[in-house]
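Read through the structure below, which is laid out as structure tokens, and then see the notes.
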Amino acid sequence: MVEHHPVHNSEVYLLGLAPRPSVPPPSPPSPVTPRDAEPSSAIEELCLDNVEDLEDPIEPSELSKQRISGAIHVLSTEATALRSLTHLYKTDATAAQGFNAAVEAITRHKGERGKLVIIGVGKSGHIGKKLVATFNSLGVHATFLHPTEALHGDLGKIGKHDAVLFITFSGKTPELLTLLPHLDATLPVIVLSSHTRPDECELICRRPDTILLPAPIHESEVVSFGVSAPTTSTTVALALGDALAVVTSHELHATVTSVFAKNHPGGAIGEAFRKPRRIRDLAVPLHEIPIWPESSDQPCGADILKLGYGSQSGWARIGDAIASPGRIRRLDTAHMALKLHAIPDLVVERGEWISIHADTRISQAAEWFGGPLESVDHGEDAACNEDSILVVIDDGEVIGVLEAGQILDWQE
């Protein structure tokens, strides 16, 4: 008995279409067989190592050229403005007198009291906020005040020992003109503006004792860029404000670097300041080095090993001799029972120490490393190698020691 089941095949039937003649698929191309009379040509070797030979050089598009050209134009324009500003302060008496008067107004209390209050609107206000941060980081107390907020109670920020700095390109910002009459007449007021003469600035005309800090630009931003967006003008304002901050800080502080380091402990800048820079930063203080008791017998190698590894410094002192961590680490098992005088190159006598001043820069000391240095006792030239003991001198006294190899391996 025959069973009927569905037949499975791979044919697809399209209903409703007219029947088409069955056409066999084309045969694959046959390879060309070279004839004996015609020798086959060799296949060219393909090398993937030199990619440049396979790719056509890509020329920058017109759009890319336009972008770079536009960027160069802006940078060149602003650089020209800064050069013009530099020339102004070199040659113009009004600009120089204004800058000197501004520094004197800010530093008149020697930093002991008072602050600089910076006021501005819009982009000038943003420049003012940045300058506040710069002044404060350099140890010159400063704060920002928005003129509208000042008229609504924040005028109390301004103290009788303060100085006020207005930032306004036009010199006639309405908010600043409104605020001006409410400032104490005894307060020094500085105006950072595009004007180069006091009688051209509306704020100064209304308060003649105001100090002018000229910050002009060589051409208007409309001429430079086709739009009056604050660009070149804010660049010169920021640069002149930075100059005022740096000069003022140097007037108030003997060492601006240490002040800035104290006020900027975070980030990459803070980390850079924490990195040792002078020899005194690397030196191990003498009081941290343990001393072998004079009443005891002469120590053996095991005693020196225990003395050194028992201290945080890793150093050991035996009378006027000293053993550095590097020398102690090289002690061999055979040295453990030997007395100190029988162990070669373990300790360095005082006469062999090499002196170096505590405030010498590490980078400078590294340059000197290969040359002769002066020994402590005899003032003679002494050969220096990585095992040499450097003693750090401050005011004629030995304040610490270090191994010369620390300087040899030093990297800024």
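The values are calculated or read from the model by the stated rules, or taken from the named source; none is laboratory data. This one's a predicted model, so the numbers in the text were calculated from it and none came from an experiment. Note: ideal-geometry Cβ built from the backbone for every residue, glycine included; neighbour counts use all protein chains shown. Side chains are part of the model used for accessible areas, which takes the heavy atoms of the whole protein and leaves out ligands, DNA and RNA. Shrake-Rupley method; radii C 1.70, N 1.55, O 1.52, S 1.80 Å.
Solvent-accessible surface (1.4 Å probe) assigned to residue 345 amounts to roughly 120 Å². Using heavy atoms of the protein chains and a probe of 1.4 Å, the accessible area assigned to residue 233 is about 10 Å². The local environment of residue 232, defined by Cβ-Cβ distances under 14 Å, has a net charge of -1 under the rule Lys, Arg +1 and Asp, Glu -1. Counting 0.36 nm for each residue step from residue 91 to residue 255 and taking away their Cα separation leaves a gain of 56.1 nm.
Each eigenvalue of the Cα gyration tensor of the stretch 282-322, multiplied by 5 and square-rooted, gives one semi-axis; in descending order these are 18, 12, 7 Å. Looking at the stretch 104-179, which GluC sites (Glu not before Pro) are in a loop (DSSP not H, G, I, E or B) and have at most 13 other Cβ atoms within 10 Å? Sparse-neighbourhood loop GluC sites (Glu not before Pro): 112.
Dimensions of the stretch 105-225 based on its C-alpha atoms, expressed as ranges along the principal axes with the largest first, amount to 45, 30, 27 Å.
Simple spin-label estimate for residue 297 and residue 172 gives 9.9 nm between the two label positions (7 Å along the Cα-to-Cβ direction from each Cα).
Atom-type composition of the exposed protein surface of the stretch 175-266 places 57 percent of the accessible area on carbon and sulfur (1.4 angstrom probe).
Of the trypsin sites (Lys or Arg not before Pro) in the stretch 147-219, which ones lie in a loop per DSSP and count no more than 14 other C-beta atoms within 10 Å? Of the trypsin sites (Lys or Arg not before Pro), the ones in loops of the stretch 147-219 whose Cβ has at most 14 other Cβ atoms within 10 Å are 160. For the stretch 99-151, the dipole from Cβ point charges (+1 on Lys and Arg, -1 on Asp and Glu) about the Cα centre works out to 80 debye, to the nearest 20. With the whole protein complex present, residue 151 retains an accessible surface near 70 Å², based on a 1.4 Å probe. Probing with 1.4 Å while keeping every protein chain in the model, the per residue accessible area of the stretch 98-231 equals 46 Å².
Calculated on the alpha-carbon coordinates, the convex hull of the stretch 72-152 measures out at 131 cubic angstrom per residue.
With a 1.4 Å probe rolled over the protein heavy atoms of all chains, the accessible area of 311, 220 falls in the order 220, 311, largest first.
If you find the alpha carbon centre of the stretch 153-172 and of the stretch 102-128, how far apart are they in angstrom? So the two Cα centres are separated by 8 Å.
Once fully extended, how much extra length lies between residue 368 and residue 141, figured as 0.36 nm per residue of separation less the alpha-carbon to alpha-carbon distance? Before the final figure, lay out the partial values.
Numbers: separation 227, 0.36 × 227 = 81.72 nm, distance 4.14 nm.
Net length gain for the segment: 77.6 nm.
After finding the eigenvalues of the alpha carbon gyration tensor for the stretch 187-265, what semi-axes result from the square roots of 5 times each, listed largest first in whole Å?
Working: eigenvalues 171, 81, 14 Å².
Listed largest to smallest, the semi-axes of the stretch 187-265 are 29, 20, 8 Å.
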